[in-house]
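Peer 1: My structure is below; once you've seen it, I'll send some questions.
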Amino acid sequence: MGAEHFTAFYLSAGVWSSLASHLLAPLRPALILPSLGASGAVYGVVGATMMMFPRAQIALIFLPFIPMTISQAFPALLAYDFVGAVLGWKTFNHIAHLGGGLYGIAYTEWGIEYWNKLVREIRRRRQEKS
């Protein structure tokens, strides 16, 4: 993933996590405040990393002494955010985290192929103009 691709991915992950937050906020208006989606975009990056490098070793800041793969840690974080969203915890914008994480997973499944088709089409059109 090049710089342009990563930038587009990161920004779109932020948009999707914000969209999830804003669309689902009315379901529990007193408990969840819509946010900008920066942490949701980071969750998107972590979700994509999990899909691309499932055996990568990571350490969570609150469990640095327990070695684990990203494929073990990220689903646990998503489960924590799911429980937080269902129970209405106010610690974080759990819905934005879920939206960003699920976007990162979905993007690696379908979005990379779409991006590559888009880049090929842009290059083809540029060549036609030359």
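The values are calculated or read from the model by the stated rules, or taken from the named source; none is laboratory data. The shown structure was predicted, so the numbers you read here are calculated from the model rather than taken from an experiment. When the accessible area is computed, the model is the full protein with side chains, heavy atoms only, and any ligands, DNA or RNA have been set aside. Shrake-Rupley method; radii C 1.70, N 1.55, O 1.52, S 1.80 Å.
Peer 1: Compute and list, largest first, the equivalent-ellipsoid semi-axes of the stretch 49-117 from the alpha carbon gyration tensor, each √(5λ) rounded to a whole angstrom.
Peer 2: Values: eigenvalues 108, 72, 11 Å².
In descending order, the three semi-axes are 23, 19, 7 Å.
Peer 1: Over the Cα atoms of the chain, what radius of gyration and what Dmax do you get, in Å?
Peer 2: Expressed in Å, the Cα Rg and Dmax of the chain come to 16.9, 58.
Peer 1: Where does helix 70-87 land angle-wise versus the long Cα axis of the chain, in degrees 0 to 90, nearest 10?
Peer 2: Approximately 60 degrees, to the nearest ten.
Peer 1: Can you work out the accessible area per residue across the chain, with the rest of the protein chains kept in place, probe 1.4 Å, in square angstrom?
Peer 2: With all protein chains present, the chain gives 65 Å² per residue.
Peer 1: I've got another one for you. Return one number: the angle in degrees, 0 to 90 and rounded to the nearest 10, between the long axis of the Cα atoms of helix 112-129 and the longest principal axis of the Cα atoms of the chain.
Peer 2: Its long axis makes an angle of about 30 degrees.
Peer 1: Summing -39500 (n - 2.57) over the DSSP H runs of n ≥ 4 in the chain and dividing by its residue number, what mean residue ellipticity at 222 nm do you reach, to the nearest 500 deg cm²/dmol?
Peer 2: -22000 deg cm²/dmol
Peer 1: Per the 1.4 Å probe, what fraction of the accessible area of the stretch 10-130, in percent, lies on carbon and sulfur atoms?
Peer 2: So the carbon and sulfur contribution to the accessible surface is 70 percent.
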